[in-house]
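Remarks on the structure that follows.
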């Protein structure tokens with residue numbers, strides 16, 4: 001079901017599509033064509049469930065979060081519970097740096113990004129966040145020490 005850690009990586013790369021993207025057929029097709037296992041938010045959680053309730057569950061299962069919600073990584077008072085959950089539950093989180101792309105564009109971007117996403121998961125211990133730009137380039141943004149800060 002989940003991904004047990006192995007020498008700096010994960011045994012199985014399973015991508016969890018958040019609620020806003022779990023119905024995007026282009027993202028699903030990109031993952032399937034890339035040979036990646038996927039899980040969809042609405043297959044496991046009710047619509048509208050707060051992030052703080054499902055983030056720990058997917059982290060415990062070892063799933064890799066894919067979202068366009070970059071707000072989770074920002075150090076605002078509103079998002080501190082989500083940030084703490086990312087850190088506390090050792091989440092691996094990738095997010096699209098722009099949410100202004102069409103579903104098809106996001107799928108194309110994801111196809112280009114998948115090899116780098118896998119490489120980061122193999123090399124970087126959780127927790128972390130990484131951004132995916134329109135060109136499919138993936139940039140590691142936050143790592144374990146970033147989630148310890150509480151009042152920035």
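Observations on the structure shown:
- The range 135-149, subset under 18 Å from residue 90 (Cβ atoms) and out of contact with any strand residue (DSSP E or B) (no Cβ under 7 Å at 6 or more places or on another chain), residue modelled with the lowest pLDDT: 149
- If the condition is being surrounded by 14 or more Cβ atoms within 10 Å (Cβ to Cβ) and farther than 19 Å from residue 106 by Cα, then the range 37-48 contributes 44, 45.
- The set of residues in the range 78-111 being in a helix (DSSP H, G or I), over 17 Å from residue 17 (Cβ atoms) and more than 16 Å from the chain's Cα centre (by Cα) consists of 80, 81.
- Hits in the range 112-134 (condition: over 15 Å from the mean Cα position of the chain (by Cα) and modelled with pLDDT of 95 or more): 112
- Any hit, the range 30-51, residues being at pLDDT below 95 and touching a strand residue (DSSP E or B) at 6+ places or on another chain (Cβ under 6 Å): no
- Where residue 72 falls short, out of the listed (1) surrounded by 19 or more Cβ atoms within 10 Å (Cβ to Cβ); (2) assigned to a helix (DSSP H, G or I); (3) modelled with pLDDT of 85 or more: (3)
- Some residue of the range 52-59 being crowded, with 16+ Cβ neighbours inside 10 Å, touching a strand residue (DSSP E or B) at 6+ places or on another chain (Cβ under 6 Å), under 19 Å from residue 129 (Cβ atoms) and modelled with pLDDT of 80 or more: yes
- Residue count, the range 8-36 (criterion: closer than 20 Å to residue 124 by Cα and surrounded by 12 or more Cβ atoms within 10 Å (Cβ to Cβ)): 8
- In the range 89-111, of all residues being out of contact with any strand residue (DSSP E or B) (no Cβ under 8 Å at 6 or more places or on another chain) and under 20 Å from residue 144 (Cβ atoms), the one that is modelled with the highest pLDDT corresponds to 90.
The values are calculated or read from the model by the stated rules, or taken from the named source; none is laboratory data. Not measured: the values here are computed from a predicted model. Glycine gets a Cβ as well: all are built from the backbone with ideal geometry, and neighbour counts include every protein chain shown.
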